[in-house]
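Right, one structure below, let's go through it.
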Amino acid sequence: MKAAVFHGAHDIRIEDVDGPPPLGSLDVLLRPYWCGICGTDLHEYAMGPIVIPSHPHPLTGATAPQILGHEFSAEVLEVGSGVRSVRVGQRVSVMPLLYCGSCYYCRRGLNHLCQSMACVGLSFASGGISELAVVPASHVSVLPDSVSDLQGALVEPGAVAAYGVDTAQVRPGDTVLITGAGPIGALASLYASALGARVFISEVNPTRVALARSLDVGEVIDQSKIDVVAWIKDQTEGIGVDAVIECSGNERALQTAIASVRSAGRISQTGLHTRLAAIDPMVLSEHDITLSGTWCYPVTDWPRIIDLIARGRYPVEKVVSAQISMADVVEKGFETLLSPTGDQVKVLVNAR
């Protein structure tokens, strides 16, 4: 079968590989439809292996070379003898986090913090940018007819964004600043708006500014032209926003978040920082500000996110800027997304 395989930094190949591993009694065989390219994938391509194991993973035994893809929808082709939750022919979205179920965090329901966590498409035999994949049946959720194949591939990043907003305890009527209008920032904006918040979005990249405006969920601040902190204070009677969802993973954006939130406000650090960032902790103390990190999402969130999409409350498809074939995944996917002059935000790969 054909698959996009990571071999090392700047070395992803579309190649013929052996078929997926044998189907276990609680597994399902999938034909992937659409798969998103995630920021984690980009980090692996640019600087990896980082998450992709160079030695056998303690939970899955996986090691590079690795079939990529963890944000995907698929059709069920075959089910194991013990599977009752899904049937052949159904369309599903894959929750890719794999966990041991017995460590300190798993026993407390915090499976996304599993001490030996693995991930489909990063540290597992299968991935979503391939013609076939085998995953545990417990990790797929059926898509209703009202959710498209493309939307099904966006449940995973949609869950990341929703967890960031939920961590900041956003409620109807709150004012919320989203820093960064990449895929997660755009999705966080859609989700916060669906909750009934007044949304502000700050971004400097012209392509992302345009995407943020096309979402039509709030006011977009082009930070290359406007002082974000002063503008926010002007819009909130000098108080600041109730919450900030920091989605850029950028030091300046984190500093902006702290300066823009009101006293006793909440900041959710959802974008991943790849380098150290300097802040003044005294400001957090003086203003009773809560700064919380987030990692992935609750592994049980798939049915809820799918339901929001199905009812039109969470139009995740609005963040997609390009749809490409597997054959073009390097040139039109990874290289374009990493290019300083790239004009894409969220790229989905047709795995069929």
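The values are calculated or read from the model by the stated rules, or taken from the named source; none is laboratory data. Given the structure is predicted, the values throughout are model-derived calculations rather than measurements. Heads up, the Cβs are rebuilt from the backbone with ideal geometry, glycines too, and the neighbour counts pull from every protein chain shown. Surface accessibility is based on the protein's heavy atoms, side chains included, excluding ligands, DNA and RNA. Shrake-Rupley method; radii C 1.70, N 1.55, O 1.52, S 1.80 Å.
Observations
- In terms of its C-alpha gyration tensor, segment 161-309 has a rounded overall shape, because the principal axis ratio a/c (a ≥ b ≥ c, square roots of the eigenvalues) stays below 1.5.
- Based on Cα contacts under 8 Å between residues 6+ apart, the chain shows a relative contact order of 18 percent.
- For the chain, a crude dipole built from +1 on the beta carbon of Lys and Arg and -1 on the beta carbon of Asp and Glu, taken about the Cα centre, is about 640 debye to the nearest 20.
- For the residues PRO206, PRO20, PRO315, a GNM of the chain with alpha-carbon springs under 10 Å puts the largest fluctuation on PRO206.
- For the chain, the share of accessible area belonging to carbon and sulfur comes to 50 percent (1.4 Å probe, ligands and nucleic acids excluded).
- The charge dipole of segment 32-110, taken about the Cα centre with unit charges on the Cβ atoms of Lys, Arg (+1) and Asp, Glu (-1), comes to about 420 debye, rounded to the nearest 20.
- Ranked by the mean number of other Cβ atoms within 10 Å of their residues, highest first, the peptides 341-351, 127-137, 100-110 fall in the order 127-137, 341-351, 100-110.
- Taking 21 Å as the straight-line reach from the Cα of LYS225, the lysines in range (excluding those fewer than 8 positions away in the same chain) are LYS233.
- Taking the DSSP bridge list for the chain and keeping only pairs wholly inside it, about 55 percent are antiparallel.
- Simple rule: put +1 on each Lys or Arg Cβ and -1 on each Asp or Glu Cβ in the chain, find the dipole, and look at GLY173, ALA322, THR256; the Cα lying farthest toward the positive end is GLY173.
- Solvent-accessible area per residue, Å², over the chain with all protein chains present [probe radius 1.4 Å]: 42 Å²
- Using a Gaussian network model of the chain in which every pair of alpha carbons under 10 angstrom is joined by a spring, one finds that among LEU23, LEU150, LEU68 the greatest mean-square fluctuation is at LEU23.
- Share of pairwise Cα separations in the chain, more than 38 Å, in percent: 15 percent
- Relative contact order, whole percent, for segment 273-352 stands at 24, derived from Cα pairs under 8 Å and 6 or more residues apart.
- Estimated vicinal HN-Hα couplings, Hz - segment 241-254 in sequence order (Karplus 6.51, -1.76, 1.60; Gly, Pro = x): 7, 5, 8, 10, 10, 8, 10, 9, x, 10, 4, 4, 5, 5
- Most positive-pole-ward Cα, HIS10, PRO22, GLY39, against dipole of segment 1-104 from beta carbon charges: PRO22
- Residue-averaged [θ]222 nm for the chain, counting only DSSP H segments that reach four residues, each worth -39500 (n - 2.57): -6500 deg cm²/dmol
- Length-normalised contact order for segment 80-179 - Cα pairs under 8 Å, 6+ apart - percent: 28 percent
- Summarising the strand pairing of segment 79-225, around 35 percent of its internal DSSP beta bridges are antiparallel.
- Centroid-to-centroid, using Cα positions, segment 62-98 and segment 153-225 are 29 Å apart.
- The lysines within cross-link reach of LYS2, meaning a Cα-to-Cα straight distance under 26 Å and a gap of 8 or more places when in the same chain, are LYS332, LYS346.
- Peptide ranges 151-161, 279-289 listed from the most packed, as the mean C-beta count within 10 angstrom indicates: 151-161, 279-289
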